[in-house]
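K.L.:
Dropping the structure in here first, questions after.
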């Protein structure tokens, strides 16, 4: 019998594992590390991620400072650089509006390769760990989805009404929010079809 766990719970467990110092060189974990999902370098045989330009993005091009001094954090900038330009723009607007309300959200997942999505799908089925996704056809694959996580300092916050506020703002910008789905995925935002 499989335990069905949504991506929200999987991210929570992944951050807990990272906080406890588990990584690939120490005690094995049934959960892939967050770097497995967001690494900007892929094996040569893997399909390339979508990026806004053919040049390697720099922090200055990815995360320019706003007139009020607000700037994307490096992790969000790296993950946003992997998705469609339209989603990059909307993602920045969403993060800026959340920051204006005193909320620190980060983009913890951007585009994925089919191999990365297949590995997530295998988890809890043919590989150890809890089930974290119900599909092999995620909108992350085409660079059309991002996942946001709320942070308090360096610690992720999983249970919070602030995800609902993020959903409201995301929807007002024209994004589809996973928090409205039959099986809610509150960190998930994607471009409409």
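Quick note: the coordinates plus some simple rules give every number you see, no bench work behind them. Keep in mind it's a predicted model, so treat the numbers as computed, not measured. Glycine also receives a Cβ, built like all others from the backbone with ideal geometry; neighbour counts cover every protein chain displayed.
K.L.:
If you average the sequence gap of Cα pairs under 8 Å that are 6 or more apart and divide by the length of segment 57-193, what percent do you get for the contact order?
P.N.:
Reported relative contact order: 21 percent.
K.L.:
Just order 72-84, 124-136 by mean Cβ neighbour count inside 10 Å, highest at the front, would you?
P.N.:
The peptides rank, most packed first, as 72-84, 124-136.
K.L.:
Okay, next question. Using Cα pairs under 8 angstrom and six or more residues apart, how large is the relative contact order of segment 116-193, in percent? Walk me through the intermediate numbers first.
P.N.:
On the way: 88 pairs, mean separation 17.7, N = 78.
Contact order relative to length: 23 percent.
K.L.:
Taking the mean number of other Cβ atoms within 10 Å as a proxy for protection, how do you rank 110-117, 170-177, 150-157 from highest to lowest?
P.N.:
Ranking, from highest mean packing down: 110-117, 170-177, 150-157.
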